[in-house]
Every structure is written in C-alpha cells, then in structure tokens.
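Asks: What follows is a single structure, and I will ask about it in a moment.
The values are calculated or read from the model by the stated rules, or taken from the named source; none is laboratory data. Keep in mind that this is a model prediction, so the values were computed, not measured. We place every Cβ from the backbone using ideal geometry, glycine too, and count neighbours over all the protein chains shown.
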Amino acid sequence: MTGGFFDEAFDAEQLPDPLPNNPFGLLTEWFNEARERVSLLNWNTMGLATVDADGRPSSRMVLCKDIRPDEGVLVFYTNYRSRKARDLEMNPRCALLMHWDELGRQVRVEGLAEKSPEEESDRYFATRPWESKIGAWASEQSAPIESRDAMIEKIAETVTQLGLDLSMIMDGHPEDLEIPRPPFWGGYRVRAEAVELWCNGAGRVHERARWERTLPEAGQHAAGGWQSTRLQP
Ligand SMILES: Cc1cc2nc3c(=O)[nH]c(=O)nc-3n(C[C@H](O)[C@H](O)[C@H](O)COP(=O)(O)O)c2cc1C
C-alpha cells in the first residue's frame, strides 16, 4: 500500500524510538528550534491553565522565559497579585501548553508552580524595557479600571511615586532610569510532573509520548525518575 502514512517516503517527523528517558532534552531542542524557525513574534507563548479555590479552570497566555532541563522546570513572569497568582496560591497545580503550527509540534506540561528566587526575578526584571518596568509597578493586574485614560493617569502617578527623572525619558536616555522590581511581580517556576510531546503525523496519525515522574515532597530534593509511554493519536 502507498500514500499517506503507508508511504515510507512521507516526510513526517517521528519521535525517537526508543523514547529518551527524560523529555527535557527533546523539549529544549524543540524550544530552541522554535526560537530559530518560527516566524511568530511571540514564538515562546504558552497557555497557562489554573484552577480557583472552587475548582473552576481558567487559562491565559504567558511567555516562557526559560527552560531548565536539569530541574525539569519552565519559567514565566507575572504579577503575584493577579488572578492567576491568586489561583496558584490556593492550588499550585497548573498546566502549560505550547503549539508551533509551522513545526507541527505541541507540548503539554502539567506540574506545580512555585515562586522563583528573588534574585532570579531581579535579574530578569532588570532586562525588561523601561516601559514594561513602569507598567509592572502601575498595573494592579486583573483588577478593574474605569478607562484607558485612568490607566495612563495611574502610570503618570507611578512615575512620580518612583521619583523617576522624566528628563531622562525626554532626553532619549530612558534606559538610564533605575527602576527596581516591584515586590509583587516576579517569576514562577513550574516543576513538571508530566510532559507530553506531540508531532503532526500523516493522515492524522500523530506521534505522542507522555513522560511522568513523582515530584518530591516538601523538604526533599530529588524528583523520581521519568516513566515514558507512547500514546495513540
Ligand atoms: C502573547 C501573549 C503573551 C503574554 N505574556 C504574558 C506574560 O508573560 N505574563 C503575564 O503576566 N501576562 C502575559 N500576557 C497577558 C495574559 O494573557 C493575561 O491577560 C494577564 O496575565 C492577566 O491574566 P490573569 O488575570 O488570569 O492573571 C500575555 C498575553 C499574550 C496574548
């Protein structure tokens, strides 16, 4: 038989056989390839799903700013008083989702979110453009605001409250402004306990593999080893 998935010449990506013991090598490769090959501005976007205290789910996009294969961790940054942060406070279980249509790849991660160490958040915050730094101070993310004008007013007030020298902005040197990280803004590390890698297959016979591990209890360090399984499409 020839054609579609019967055709050996069909150039569909396949997951390695046997599967690697740890999914993070392949996940990191996919992430780096997305950076190089995907034409989207926000090639590192991922869906973040959380649940509230009543078990109601909600999701939104965030940017994946780091993947740490050694720890099995993905990192994003946000406001620690936002709706997502309130959800994570009550229930640190969350799910992440990435999709690169051009590469025919999807990544699903389930795990536990914890706040990043302060120094790590400081280092990342320092790399942000000055507008984003001021915005992080000004925005009570997820809280209501009556109008855009009111938000712009709030930003102007924030500039005054932070004691920023506006002439630096006017003179075209806003990068010289020293703006510290707000204590209510920083990173979350999602420690993966499950990872699924999916690649597009001919005739919708996609390739899927799921890895699971047991995360350490509080106070323990090492996570258990990964168990892998191939899944039907
Ligand atoms: C492409 C894209 C990337 C985004 N990245 C982030 C991000 O890294 N951090 C963040 O707090 N919000 C980010 N947002 C905004 C969130 O989707 C969301 O509106 C915001 O975090 C408030 O969510 P919450 O009210 O559920 O907490 C992004 C939105 C889009 C569309």
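Asks: Can you work out which of the residues in region 45-54 that are in contact with an Asp or Glu (Cβ under 8 Å, 6 or more places away or on another chain) and not in a loop (DSSP other than H, G, I, E, B) is farthest from the ligand (Cβ to nearest atom)?
Replies: VAL51
Asks: Output the residues belonging to region 14-33 that are closer than 13 Å to ILE67 by Cα and among the hydrophobic types (A, V, I, L, M, F, W, C). Spell out the reasoning first.
Replies: Step one: filter region 14-33 for residues closer than 13 Å to ILE67 by Cα, giving 23-32.
Answer for region 14-33, where residues must be closer than 13 Å to ILE67 by Cα and among the hydrophobic types (A, V, I, L, M, F, W, C): PHE24, LEU26, LEU27, TRP30, PHE31.
Asks: Could you list all residues from region 79-101 that are in a helix (DSSP H, G or I) and away from the ligand (no atom under 14 Å from the Cβ)? Spell out how you get there, then give the answer.
Replies: So the first thing to find is which residues in region 79-101 are in a helix (DSSP H, G or I), and the list is 83-90, 101.
Residue satisfying the conditions is ASP101 alone.
Asks: Within the set of pairs 6+ apart or on separate chains, which have a first residue in region 181-195 that is within 10 Å of VAL73 (Cβ to Cβ), a second that is modelled with pLDDT under 95, and C-beta atoms under 6 Å apart?
Replies: ARG191/LEU215
Asks: Under the condition of being of a type outside the set (D, E, K, R) and part of a strand (DSSP E or B), which residue from region 63-78 is surrounded by the most Cβ atoms within 10 Å (Cβ to Cβ)?
Replies: The initial filter retains those residues of region 63-78 that are of a type outside the set (D, E, K, R), namely 63-64, 67, 69, 72-78.
When the remaining residues are screened for being part of a strand (DSSP E or B), the result is 63, 67, 73-78.
Values: LEU63: 13, ILE67: 20, VAL73: 20, LEU74: 28, VAL75: 19, PHE76: 21, TYR77: 21, THR78: 21.
Applying the filter and picking the extreme gives LEU74.
Asks: What number of residues in region 206-233 are closer than 19 Å to ARG93 by Cα, of a type outside the set (S, T, N, Q) and at pLDDT 85 or above?
Replies: Going through region 206-233 one residue at a time, the tally reaches 6.
Asks: Check whether at least one residue in region 55-62 is part of a strand (DSSP E or B), within 15 Å of the ligand (Cβ to nearest atom), on the phi < 0 side of the Ramachandran plot and among the basic types (Lys, Arg), and report yes or no. Spell out how you get there, then give the answer.
Replies: So in region 55-62, the residues part of a strand (DSSP E or B) come out as 57-62.
Now drop any that are not within 15 Å of the ligand (Cβ to nearest atom), which leaves 57-62.
Those still in the list that are on the phi < 0 side of the Ramachandran plot too: 57-62.
Checking the rest, the ones that are also among the basic types (Lys, Arg) come to 60.
So far as region 55-62 goes, yes, one or more of its residues are part of a strand (DSSP E or B), within 15 Å of the ligand (Cβ to nearest atom), on the phi < 0 side of the Ramachandran plot and among the basic types (Lys, Arg).
Asks: Say whether the condition of being outside any helix (DSSP H, G or I) and on the phi > 0 side of the Ramachandran plot is met by at least one residue in region 122-138. Working first, answer last.
Replies: Of region 122-138, the ones outside any helix (DSSP H, G or I) are 127-129.
Now drop any that are not on the phi > 0 side of the Ramachandran plot, which leaves none.
Checking region 122-138: not a single residue is outside any helix (DSSP H, G or I) and on the phi > 0 side of the Ramachandran plot.
Asks: Does LEU19 satisfy the condition of being within 16 Å of the ligand (Cβ to nearest atom), closer than 30 Å to GLN227 by Cβ, in contact with a strand residue (DSSP E or B) (Cβ under 8 Å, 6 or more places away or on another chain) and in contact (Cβ under 8 Å) with a residue 12 or more places away in the chain? Walk me through it before giving the result.
Replies: Working: within 16 Å of the ligand (Cβ to nearest atom): no; closer than 30 Å to GLN227 by Cβ: yes; in contact with a strand residue (DSSP E or B) (Cβ under 8 Å, 6 or more places away or on another chain): yes; in contact (Cβ under 8 Å) with a residue 12 or more places away in the chain: yes.
No: the conditions fail for LEU19.
Asks: Additional query: Can you pull out the residues in region 63-73 that are hydrophobic (A, V, I, L, M, F, W, C) and more than 12 Å from the ligand (Cβ to nearest atom)? Steps first, please.
Replies: Taking region 63-73 first, the residues hydrophobic (A, V, I, L, M, F, W, C) are 63-64, 67, 73.
Within region 63-73, ILE67, VAL73 meet the criteria.
Asks: For region 23-44, name all the residues that are crowded, with 16+ Cβ neighbours inside 10 Å, at pLDDT 95 or above and within 14 Å of the ligand (Cβ to nearest atom).
Replies: Within region 23-44, ALA34, TRP43, ASN44 qualify.
Asks: Looking only at region 75-84, decide whether some residue is of a type in the set (S, T, N, Q) and under 14 Å from the mean Cα position of the chain (by Cα).
Replies: Here is the first cut: in region 75-84, the residues of a type in the set (S, T, N, Q) are 78-79, 82.
Subset that is under 14 Å from the mean Cα position of the chain (by Cα): 78-79.
Among the residues of region 75-84, at least one is of a type in the set (S, T, N, Q) and under 14 Å from the mean Cα position of the chain (by Cα), which makes the answer yes.
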